[in-house]
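Peer 1: Below you will find the structure I want to go over with you.
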Amino acid sequence: PQIWWLDPELTYGNAKPFVFTQGHSVCNRSFFPCFDTPAVKCTYSATVKASGRGAAPAGIQVLMSATQSTYLEEEGVYQFYMEYPVPAYLVALVAGDLIHADIGPRSRVWAEPCLLPTAISKLSGMVERWLTAAESLYGPYIWGRYDIVFLPPSFPIVAMENPCLTFIISSILESDEFLIIDVIHEVAHSWFGNAVTNATWEEMWLSEGLATYAQRRITTETYGAAFTCLETAFRLDALHRQMKLLGEDNPVSKLQVKLEPGVNPSNLMNLFTYEKGYCFVYYLSQLCGDPRHFDSFLRAYIEKYKFTSVVAQDLLDSFLNFFPELKEQCVESKAGLEFERWLNATGPPLAEPDLSQGSSLTRPVEVLFKLWTTEPLDSAAAASSVDLTKWRTFQTVLFLDRLLDGSPLPHEVIKKLSECYSSQLDSMNAEIRIRWLQIVVRNDYYPDLYKVRRFLENQMSRMYTIPLYEDLCTGTLKSFALEIFYQTQNQLHPNLRKTIQQILSQGLNPLPAMDPTAVAADTPAMVLEDKVSEATNGAISLRDVNVSA
């Protein structure tokens with residue numbers, strides 16, 4: 001499961017095959033013999049050649065998450081060495097039609113030739129800015145280089161913090177703000193997750209919660225508090241959406257989750273790991289009174305534990321030793337500092353950050369949402385109140401997410417929304433478009449269904465296909481979903497195809513009535529049903545959450 005082989009048709013260039021690995025959380029045991037636990041760290045070396053031929057195929061560039069690499073041209077062999085100890089899940093390899101360009105003094109970007117100009121234009125000079133900001137907060141960047149490789153849309157997550165070589169899905173390139181946040185999050189992992197790692201997957205928040213906190217400190221330093229608060233509001237909205245779906249008593253909402261035997265730790269990755277973990281770290285920063293003082297603590301924490309793996313108690317003991325006045329308060333107070341409740345209580349965070357510094361960006365979203373959802377609807381006032389083309393992406397997705405939460409909407413509202421915004425949204429990035437199309441599907445708004453078809457016909461990414469197929473199959477549009485899948489399945493990676501088949505196969509008997517005009521004359525409904533019924537057994541868990549590793 002760790003190695004993903006792609007035919008040329010599944011790449012952007014359609015010219016050469018591609019392969020990448022994805023070890024998080026416990027897949028690298030299928031790649032090489034290892035102690036596949038974050039508690040064990042080691043250095044590694046690797047020699048890469050094509051099996052049976054003694055050399056990598058012509059025109060194929062091989063990269064690994066290593067501090068040193070050499071290429072023996074006469075032999076066609078790559079050699080890699082990671083000089084710092086890392087857990088097994090951070091060993092990664094990618095090979096394909098990749099070329100590079102330097103984008104900073106210690107950074108370069110790798111991508112397929114057709115994507116490289118876009119990657120350069122989006123990231124040139126930016127990564128060094130983010131690294132410098134992170135170093136000012138948390139100490140020197142210890143990994144030497146920070147390179148980025150953009151992977152085809154089959155990459156199963158958004159991004160992965162492999163040391164020295166961050167993996168990022170190419171699909172995110174069209175959304176500047178999501179790209180910024182995702183790369184900065186992976187930069188933050190260079191300190192929190194890679195240098196200091198959670199010793200057990202039951203405390204994944206030690207990497208993800210701290211990295212999310214560090215990410216937001218970096219964005220505050222580089223883009224200001226208002227932008228950081230807007231992105232945080234968007235993510236916390238998503239957290240509460242997941243809480244509503246799961247229920248407040250669900251054990252996966254704990255920060256210290258019990259990992260049952262036979263359960264893949266990746267199944268425990270959810271927004272609680274990130275956002276509830278972030279809220280706890282933010283709570284700790286507030287206890288010491290000044291974020292700068294907390295930055296100093298985190299810098300000392302990294303210095304003490306770098307290249308090791310830790311448990312939550314290590315972090316909390318270090319915190320109290322760094323702030324002895326809090327340690328005294330913890331001893332004297334019967335209630336303590338509520339660390340135990342934060343770690344082991346189910347439900348939402350015990351406290352959330354003050355986001356008032358983002359009100360200049362979040363308040364217009366709240367006003368527009370209220371205009372569209374207050375009865376009686378004054379569509380003229382709502383339509384004229386804001387020009388969405390001048391909004392930030394995170395403002396627009398926050399607005400659309402709240403409309404999604406309120407769906408199904410009254411028919412008059414969805415009709416007027418379409419008249420007002422549909423054509424504008426067509427020209428915006430995929431993060432925005434998919435949300436509008438989900439609104440279309442959840443409201444059975446047939447005039448815009450052709451846009452759903454067009455979107456899915458041009459998407460090969462899990463993050464932009466699964467949510468729409470889930471929504472299509474939840475409502476009355478399963479036959480429409482079957483038709484689109486039947487026509488597009490050959491352009492999907494087998495793993496994604498299998499997942500969609502599982503979604504489509506749920507509750508297929510009886511199939512909803514199919515519109516005969518929507519299916520080719522030589523493709524009767526039973527043929528579609530038979531094809532989808534070939535799906536292998538497997539349960540679909542919660543709706544995918546599009547977050548970086």
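The values are calculated or read from the model by the stated rules, or taken from the named source; none is laboratory data. The structure displayed is predicted, hence computed values, not measured ones. Neighbour counts are summed over all protein chains in view; Cβ atoms, including those assigned to glycine, are modelled from backbone coordinates with ideal geometry. Just so you know, the surface numbers come from the protein's heavy atoms only, side chains and all, with ligands and any DNA or RNA stripped out. Shrake-Rupley method; radii C 1.70, N 1.55, O 1.52, S 1.80 Å.
Peer 1: Might you let me know whether the stretch 75-88 holds any residue that is of a type outside the set (A, V, I, L, M, F, W, C), surrounded by 19 or more Cβ atoms within 10 Å (Cβ to Cβ), within 18 Å of residue 159 (Cα to Cα) and within 25 Å of the chain's Cα centre (by Cα)?
Peer 2: Yes.
Peer 1: Follow-up question, since we're still on this one. Quick one: in the stretch 459-476, which of the residues that are over 18 Å from residue 158 (Cα atoms) and open to solvent by 10 Å² or more (accessible area, probe 1.4 Å) is farthest from the chain's Cα centre (by Cα)? Explain how you work it out, then say what you get.
Peer 2: We begin by selecting, within the stretch 459-476, every residue over 18 Å from residue 158 (Cα atoms); these are 469-476.
Cutting the leftovers down to open to solvent by 10 Å² or more (accessible area, probe 1.4 Å) gives us 470-471, 473-476.
On the way: 470: 18, 471: 20, 473: 23, 474: 24, 475: 26, 476: 29 Å.
Within the stretch 459-476, the match that is farthest from the chain's Cα centre (by Cα) is 476.
Peer 1: Which numbered condition trips up residue 138, out of (1) under 18 Å from residue 195 (Cα atoms); (2) surrounded by fewer than 17 Cβ atoms within 10 Å (Cβ to Cβ)?
Peer 2: For residue 138, the failing item is (2).
Peer 1: Which residue is nearest to residue 194 (Cα to Cα), if the candidates are limited to the stretch 32-49 and must be modelled with pLDDT of 95 or more, assigned to a loop (DSSP other than H, G, I, E, B) and touching a strand residue (DSSP E or B) at 6+ places or on another chain (Cβ under 6 Å)?
Peer 2: By that ranking, first place goes to 38.
Peer 1: Could we say that residue 159 is closer than 25 Å to residue 97 by Cβ and either small (Gly, Ala, Ser) or surrounded by 24 or more Cβ atoms within 10 Å (Cβ to Cβ) (or both) here?
Peer 2: Numbers: closer than 25 Å to residue 97 by Cβ: yes; either small (Gly, Ala, Ser) or surrounded by 24 or more Cβ atoms within 10 Å (Cβ to Cβ) (or both): yes.
Yes; evaluated as a whole, the condition is true for this residue.
Peer 1: Select from the stretch 421-439 the residues that are surrounded by 18 or more Cβ atoms within 10 Å (Cβ to Cβ), in contact (Cβ under 8 Å) with a residue 24 or more places away in the chain and not in a loop (DSSP other than H, G, I, E, B) and list them in ascending order.
Peer 2: Passing the criteria: 421, 425, 430, 431, 432, 434, 435, 436, 437, 438, 439.
Peer 1: For the stretch 221-272, give me each residue that is more than 20 Å from the chain's Cα centre (by Cα) and farther than 30 Å from residue 36 by Cβ.
Peer 2: 221, 222, 223, 224, 225, 226, 244, 247, 248, 249
Peer 1: Suppose we filter the stretch 369-396 for residues that are in contact with a Ser or Thr (Cβ under 9 Å, 6 or more places away or on another chain) and either among the β-branched types (Val, Ile, Thr) or loosely packed, with under 11 Cβ neighbours inside 10 Å (or both); how many remain?
Peer 2: Here the count works out to 2.
Peer 1: For residue 108, which of the numbered conditions (1) touching a strand residue (DSSP E or B) at 6+ places or on another chain (Cβ under 8 Å); (2) within 18 Å of residue 217 (Cβ to Cβ) fails to hold?
Peer 2: Single failed check for residue 108: (2).
Peer 1: Of all residues in the stretch 276-301, count the ones that are over 25 Å from residue 345 (Cα atoms), open to solvent by less than 50 Å² (accessible area, probe 1.4 Å) and in contact with a Gly (Cβ under 6 Å, 6 or more places away or on another chain).
Peer 2: Final tally of qualifying residues: 0.
Peer 1: Within the stretch 227-342, considering only helices (runs of 4 or more DSSP H) that don't extend past its boundaries, which have at least 3 residues that are outside the structural domain of residue 36 (by the TED database), over 16 Å from residue 206 (Cβ atoms) and touching a residue at least 60 places away in the same chain (Cβ under 8 Å)? Reasoning before the result, please.
Peer 2: Numbers: elements: 277-287, 291-305, 312-322, 324-332.
In the stretch 227-342, the matching helices (runs of 4 or more DSSP H) lie at 291-305.
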